[in-house]
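Every read-out reported here was derived from the displayed coordinates using simple, explicitly stated rules and does not represent laboratory data. Keep in mind that what you see is a predicted model, and the values were worked out from it rather than measured.
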Ligand code: FES
């Protein structure tokens, strides 16, 4: 099970956390991996100046924008899946 969490604290919210959440959500639906991915919002990760902060399993990824979501999803989620 892969875990993806997107920070929805106020600083990340201002940096576009909602767009990042939506983009991940669309990809989970498109690739039908929702049953194998635990996806959630999380409160402040203490990296507010580096938002949007995304955590995939134990890896923290900073400065995530909607435009970067597909590449991150491909590298960190799809590569480990047998599709
Ligand atoms: S609000 Fe996202 S790291 Fe603080």
- Item | the chain - Debye-derived log10 I(q)/I(0), Cα point model, q = 0.19 Å⁻¹ | -0.73
- Query: Tilt of helix 66-76 relative to the longest C-alpha principal axis of the chain, in degrees (0 to 90, nearest 10)?
  - Reply: 50
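Among the DSSP beta bridges whose two residues both lie in the chain, what percent are antiparallel, rounded to the nearest 5?
Working: 6 of 12 bridges.
That works out to approximately 50 percent antiparallel.
Helix-only mean residue ellipticity at 222 nm, the chain, DSSP H runs n ≥ 4 weighted -39,500 (n - 2.57), per residue, nearest 500. What is it? Display every interim value, and only then the final one.
Numbers: 3 runs with 30 residues, N = 83.
That comes out to -10500 deg cm²/dmol.
Taking 0.36 nm per intervening residue step and subtracting the Cα-Cα distance, what contour gain separates residue 78 from residue 66 on full extension?
Numbers: separation 12, 0.36 × 12 = 4.32 nm, distance 1.73 nm.
Value of the extension gain: 2.6 nm.
With an 8 Å cut-off on Cα pairs and a minimum separation of 6 or more residues, tell me the relative contact order of the chain in percent. Walk me through the intermediate numbers first.
Numbers: 117 pairs, mean separation 33.4, N = 83.
So the answer I get is 40 percent.
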